[in-house]
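Asks: First, the structure itself, so that you have it in front of you.
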Amino acid sequence: MSKSGAAQAVQASAFPELYAQWEGEAHAIVAALRSGVTLQSCLTGSGGTSMPDLPGNMSQFRRDIIRFAQEGVGGTYVWGGTAFKAWDCSGYVQWVYGQVGIQLPRTEQWLSGTPTTMPQPGDLVVQNPDGPNHWGHVGIYAGNGMMFSALNPAVGTLLHPVAWNSGTQYFVLIKNI
């Protein structure tokens with residue numbers, strides 16, 4: 001069995017194809033640990049719970065979206081979940097936007113928005129394309145290359161780099177705000 005196949009058998013991920021991309025890094029980490037080399041500490045901002053730096057001129061409406069996104073950090077990833085802190089990526093996004101009065105569908109939330117190449121904090125982030133104009137992951141852009149999302153069962157809901165997933169596109173749901 002391949003390492004990716006074994007990981008999928010244990011994790012039962014909705015995105016089994018994503019395991020292989022980390023195999024090289026995992027081998028390097030294991031090799032370093034076996035060699036007795038002292039590893040560097042993780043960089044700050046590489047995932048966690050701290051509040052992102054927000055532009056001073058950002059609207060209160062967008063600040064509220066980010067505040068509610070932050071409130072959900074630490075939630076458990078539950079496939080198909082919509083309960084507070086027991087949700088999947090689309091359940092989390094639906095809850096956050098619902099707190100500011102924007103009702104989104106349970107899935108395919110990007111259909112409610114307009115694509116943008118200039119995302120602002122509070123915009124929708126979609127990733128892991130799995131068909132034309134369709135993505136397997138959704139989150140909320142926090143600015144500075146970071147996003148909030150209910151990422152997977154291993155890490156739950158957190159603030160993390162957009163670069164952790166592939167095929168990223170952004171959508172504006174709130175115009176002129």
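Please treat every number below as a calculation from the coordinates, not as lab data. Here the structure is a predicted model, which is why all the values come from computation and not from measurement. Glycine gets a Cβ as well: all are built from the backbone with ideal geometry, and neighbour counts include every protein chain shown.
Asks: Could you run the Karplus curve 6.51 cos²θ - 1.76 cosθ + 1.60 with θ = phi - 60° over region 67-82 and give me ³J(HN,Hα) per residue in whole Hz, x for Gly and Pro?
Replies: 4, 5, 4, 5, 4, x, 4, x, x, 7, 7, 10, 3, x, x, 10
Asks: Then there is this: Assuming a ≥ b ≥ c are the square roots of the Cα gyration tensor eigenvalues, decide whether region 109-159 counts as rounded (a/c under 1.5), prolate (otherwise, with a/b larger than b/c) or oblate.
Replies: On the way: a/c = 2.20, a/b = 1.13, b/c = 1.94.
Oblate, because a/c is 1.5 or more while a/b does not exceed b/c.
Asks: Going by how many other beta carbons lie within 10 Å of each one, how would you line up 67, 106, 62, 34, fewest first? Please list the in-between numbers first.
Replies: Working: 67 15, 106 12, 62 20, 34 8.
In increasing order of surrounding Cβ atoms, one gets 34, 106, 67, 62.
Asks: Continuing with the same structure: Sort 61, 68 so the one with the fewest other Cβ atoms within 10 Å of its own Cβ comes first.
Replies: Numbers: 61 13, 68 18.
Arranged by neighbour count, lowest to highest, 61, 68 become 61, 68.
Asks: Would you grab the residues whose amide H sits under 5 Å from the one on residue 151? Only those 5+ places off in sequence or on another chain, please, with H modelled 1.01 Å from N.
Replies: Sorted by chain and number, the residues that satisfy this are 156, 157, 158.
Asks: Same structure, new question: Take the alpha carbon gyration tensor of region 62-177, find the square roots of its eigenvalues, order them as a ≥ b ≥ c, and report rounded if a/c is under 1.5; if not, report prolate when a/b exceeds b/c, else oblate. Walk me through the intermediate numbers first.
Replies: Numbers: a/c = 1.30, a/b = 1.12, b/c = 1.16.
In terms of gyration-tensor shape, rounded.
Asks: Between residue 166 and residue 133, take the C-beta separation as r, use R0 = 22 Å, and let me know the FRET efficiency to the nearest 0.05. Please report the intermediate quantities before stating the final value.
Replies: On the way: r = 16 Å, r/R0 = 0.73.
The value I calculate is 0.85.
Asks: Label points 7 Å out from Cα along the Cβ direction at residue 2 and residue 58: separation in nm?
Replies: About 3.9 nm separates the two model spin labels.
Asks: Give me, ordered by chain and number, the residues 5 or more places off residue 86 or on other chains with an amide H under 5 Å from its own placed amide H.
Replies: 76
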